[in-house]
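Written below as structure tokens is the structure these notes are about.
The values are calculated or read from the model by the stated rules, or taken from the named source; none is laboratory data. Just so it is clear, the structure is predicted and the values come from calculations on it, not from any experiment. Cβ placement follows ideal geometry from the backbone for every residue including glycine, while neighbour counts extend to all protein chains displayed. Just the protein is used for accessible areas: all its heavy atoms, side chains included, with ligands, DNA and RNA removed. Shrake-Rupley method; radii C 1.70, N 1.55, O 1.52, S 1.80 Å.
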Amino acid sequence: MVLIIFVSNPAIYSQEINGLKVSFWNVENLFDLDDDPNKNDEEFSIGGRKNVTKEIYDLKLKNCAEVLQDLNADILGICEVENRFMLEELNRAYLDRDYSIVHYDSPDSRGIDCALLYDPKIFKLLESKPIGNILPGNLPTRDIIHAKGTYKDQLLHIFVNHWPSNYGGREKAIPKRAATSNLLENVLLNILLDDSDANIILIGDFNEEPTDSNIIELIDMKNGNRYANPFINLMDPLVGKEKVGTYVYRGKDNLIDQIIISSGLANKGLLKVIPGSLKILDLPKYRQQEGKYAHYPFRFWAGNRLLGGYSDHLAISCTLFIDN
């Protein structure tokens, strides 16, 4: 079938039916060189314990731009970026496109934010906003970015996520992610109340597996007496596959970076996700190839030691198209 040919050859696909490539990447601590007294960012500043220099800063930007070049995304959600200036620096380092930027400073104690880069020639942004996320105990964390726009006159909602990590212990983190999941679910249900077939895509580092409870409950879309069609996790076919994941923890592959879509993008309207288009950007250069940490993502920092790689997370993508 022609569609299968298009899926297997992205270059032909993009030329023939003009797909919309949506990607996500955790860039791993993309910080500027200044010490902001209101953030815990001093380790990445000049004079901090990582001994960052301008040369190291430039290498980080160069390596990030290389990932963006390999992704060649029309829409790219990212997390662990310090501020808008660093997004502008990344856009400057990546020469192939001139992205527009959606970013809001969040109250995260380290100053790391979510953001969205998009090609304005392809995706038309209508509005965007941060969804503030105050955790139990009145703890601040990263905002969720909600961007709404059109692709070929089809309305699309995009949510960029970076859910609380297991820092400080997994048992303490699970309720934080449950609160985040409930917050997001309420926003989604309100959208679906107006349009049950709305085109919605959730991208992000969820810090949970597709099989974990907070992800499953979000997918099921049941909240009190309100019900909606279940969402679909595009990572599900990869669960349990050997040596497949976006992150490695204690030698085990994880799929904590995910793309989740509404049923409207699967089988309802004109805008659809191409089955099988979910990809992990898993090139050999993005993994360590030898030693104790062989197969781990080739990260930029290991503690305070410079490795000079890319990130501790691999990027993911899927492609949407207009089904006429």
Determine the share of the chain's accessible area contributed by carbon and sulfur atoms, expressed in whole percent, with a 1.4 angstrom probe. 51 percent
Roughly how big is segment 170-324's charge dipole about its Cα centre, with Cβ charges of +1 (Lys, Arg) and -1 (Asp, Glu), in debye to the nearest 20? 620 debye
Express the C-alpha Rg of the chain as a ratio against the empirical globular expectation 2.2 N^0.38 Å, rounded to two decimals. 0.96
List the lysines whose alpha-carbon lies under 16 Å from that of residue 129, not counting same-chain residues fewer than 8 positions away? 148
With unit charges on the beta carbons (Lys and Arg positive, Asp and Glu negative) and the dipole taken about the Cα centre of segment 64-212, which residue among 147, 81, 182 sits farthest to the positive side? 182
Positive-end residue of 191, 310, 61, charge dipole of the chain with Cβ unit charges: 310
Segment 89-136 - charge dipole about Cα centre, Lys and Arg +1 at Cβ, Asp and Glu -1, debye rounded to 20: 120 debye
Could you sort out which of 62/121; 50/252; 62/176 sit more than 32 Å apart by Cα distance in this structure? 62/176
Restricting to Cα pairs below 8 Å that are 6+ residues apart, what does the relative contact order work out to for the chain? Please round to a whole percent. 18 percent
Enter the per residue convex hull volume of segment 216-311, computed from alpha-carbon coordinates, in Å³ rounded to the nearest integer. 142 Å³
Give, in nm to one decimal, the length gained when the segment between residue 166 and residue 88 is fully stretched (0.36 nm per residue of separation minus the Cα-Cα distance). 25.1 nm
Would you compute, from DSSP H runs of 4+ residues alone, the mean residue ellipticity of the chain at 222 nm, taking -39500 (n - 2.57) per run and dividing by the full residue count, rounded to the nearest 500? -7500 deg cm²/dmol
What is the magnitude of the charge dipole of the chain about its Cα centre, with +1 placed on the Cβ of each Lys and Arg, -1 on the Cβ of each Asp and Glu, and no other charges, expressed in debye to the nearest 20? 540 debye
Accessible area per residue of the chain at 1.4 Å probe, in Å²? 46 Å²
Classify segment 24-114: rounded, prolate or oblate, from the alpha-carbon gyration tensor (a ≥ b ≥ c, eigenvalue square roots; a/c under 1.5 rounded; otherwise prolate if a/b is larger than b/c)? oblate
From Cα pairs below 8 angstrom and at least 6 apart in sequence, can you work out the relative contact order of segment 18-79, rounded to a whole percent? 49 percent
Need the full-extension length gain, residue 70 to residue 150, defined as separation in residues times 0.36 nm minus the C-alpha distance. One decimal, nm. 26.4 nm
Please report the spacing between the Cα centers of segment 61-103 and segment 138-155 in Å, no decimals. 17 Å
Filter the trypsin sites (Lys or Arg not before Pro) in segment 87-134 down to the DSSP loop ones having no more than 14 other Cβ atoms within 10 Å, then list what survives. 121
Toward the positive end of the charge dipole of the chain, about the Cα centre and with charges on Cβ (Lys, Arg +1; Asp, Glu -1), which of 237, 297, 19 goes farthest? 237
Quick one: pull the percentage of alpha-carbon pairs in segment 85-130 with a separation above 17 Å. 39 percent
Give the calculated FRET efficiency between residue 294 and residue 42 to the nearest 0.05, with a Förster radius of 30 Å applied to their Cβ-Cβ distance. 0.40
Could I have the simple spin-label model distance between residue 138 and residue 220, label points 7 Å from Cα toward Cβ, reported in nm to one decimal? 3.3 nm
Quarter of the surface of the C-alpha convex hull for segment 113-258, i.e. direction-averaged projected area in nm², equals 10.0 nm²
